[in-house]
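The values are calculated or read from the model by the stated rules, or taken from the named source; none is laboratory data. Remember, it's a predicted structure, so these values are computed and weren't measured experimentally. So basically every Cβ, Gly included, is an ideal-geometry build from the backbone, and we count neighbours across all protein chains shown. Areas reflect the complete protein model, heavy atoms only, side chains present, ligands, DNA and RNA absent. Shrake-Rupley method; radii C 1.70, N 1.55, O 1.52, S 1.80 Å.
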Amino acid sequence: MIYTITLNPSIDYIVEVDELKLGDLNRMTRDLKLPGGKGINVSRILNRLDAPNTALGFVGGFSGQYIEDKLHAEHISTDFVHVADDTRINVKLKHGEETEINGQGPNISTEEADALVAKLSQLSKEDVVVLSGSVPPSLGAHFYDRLIEVCKQTGAEFVIDTTGPALLKALADRPLLVKPNHHELAELFSVVIASREDIITYGRKLLELGAQHVLISMAGDGALLITPEEVYHANVPKGTVKNSVGAGDSMIAGFTGTLVSTHDPIEAFRTGVASGSATAFSDDLATREKIEELRPQVTIVKL
Ligand SMILES: Nc1ncnc2c1ncn2[C@@H]1O[C@H](COP(=O)(O)OP(=O)(O)OP(=O)(O)O)[C@@H](O)[C@H]1O
Ligand SMILES: O=P(O)(O)OC[C@@]1(O)O[C@H](CO)[C@@H](O)[C@@H]1O
């Protein structure tokens, strides 16, 4: 079974304005509320791909209840820790470009944090845990370390989607998958990445440091899969970008769900890219139909 962990879920409030006038009254032309947070997005796509999964993490208040209700309406299994503070609301402002304003997240008490750790310690080596997204400040910078330690004790595999020192530190514990985009990869090693060769060089370093599979996403410019044996490039299907929020999460879901069911990294890569693009071409996250439609358009080449 796959378990996603979202330490900092959100209602994503997607707001469209024709023109953004700072310091003035702007009126929305369209708005949309979605259950969000990276692990929750992974759960929603896994569910659409019929990959059994449970969403874990912290939810609180009216906003947390909204998220739980929306997930249950999609028949997604959840086992959240309920916290006293309200779950955050993240604003995604569309005005030609996409501007995001994400909240810090609620206060999480020591008892609430321990309750999540207790749930995680019930898993086994048959399970895969997807750790995604920001950590509410009250949990401290090292909370992922604690969760990874529990995964190690239970034997569960883990996927981690975070950035910076937390990602570098996690590599030694052999994550099943890491998926930085090419900008995050450059920041991780404090380098300027100027070519595909540079991306491969630094992507290979993630393998050397311990990752089992490395995906490097490059938005509309395709993606790379780096395994100990080979490097593969995938094109992205053509389409009109509607909302790229959650494209990376969809890619992780498509890859992880397919890898767990087929053990075939190439097919996992194909589904990952199709899922990411299908979300980029949709208002909400991708539907199963859209992912299936795009899958045949993904061409994978061994470099
Ligand atoms: N403009 C686009 N056209 C087609 N596919 C896209 C586009 N943007 C994203 N995708 C798809 O989504 C995948 C992940 O996108 P991206 O590289 O932007 O990841 P990310 O930075 O983690 O995304 P985000 O943080 O926006 O969720 C890409 O590999 C691709 O399959
Ligand atoms: O603030 P974080 O946890 O880094 O990112 C949260 C978030 O921007 O990521 C998802 C898209 O990937 C959204 O659903 C959500 O609002």
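What number, in percent, do you get for the relative contact order of segment 236-303 if the mean sequence gap of Cα pairs under 8 Å and at least 6 apart is divided by its residue count? Contact order relative to length: 38 percent.
GluC sites (Glu not before Pro) within segment 1-74: which are DSSP loop residues with at most 10 other Cβ atoms inside 10 Å? Within segment 1-74, the qualifying GluC sites (Glu not before Pro) (loop, at most 10 other Cβ atoms within 10 Å) are Glu19. About its Cα centre, the dipole of segment 1-175 is roughly 200 debye, where the only charges are +1 on Lys and Arg Cβ and -1 on Asp and Glu Cβ. Averaging the Cα positions of each part gives two centres, and for segment 1-47 and segment 97-150 these lie 19 Å apart. Counting only protein heavy atoms and a probe of 1.4 Å, the accessible surface of segment 1-175 is 50% carbon and sulfur. Out of Ser244, Ile266, Phe158, whose Cα points farthest toward the positive end of the dipole of the chain (charges: +1 Lys, Arg; -1 Asp, Glu; placed on Cβ)? Final value for the positive-end residue is Ile266. In this structure, Thr262 and Leu303 have a Cβ-Cβ separation that, at R0 = 30 Å, corresponds to a calculated FRET efficiency of about 0.85.
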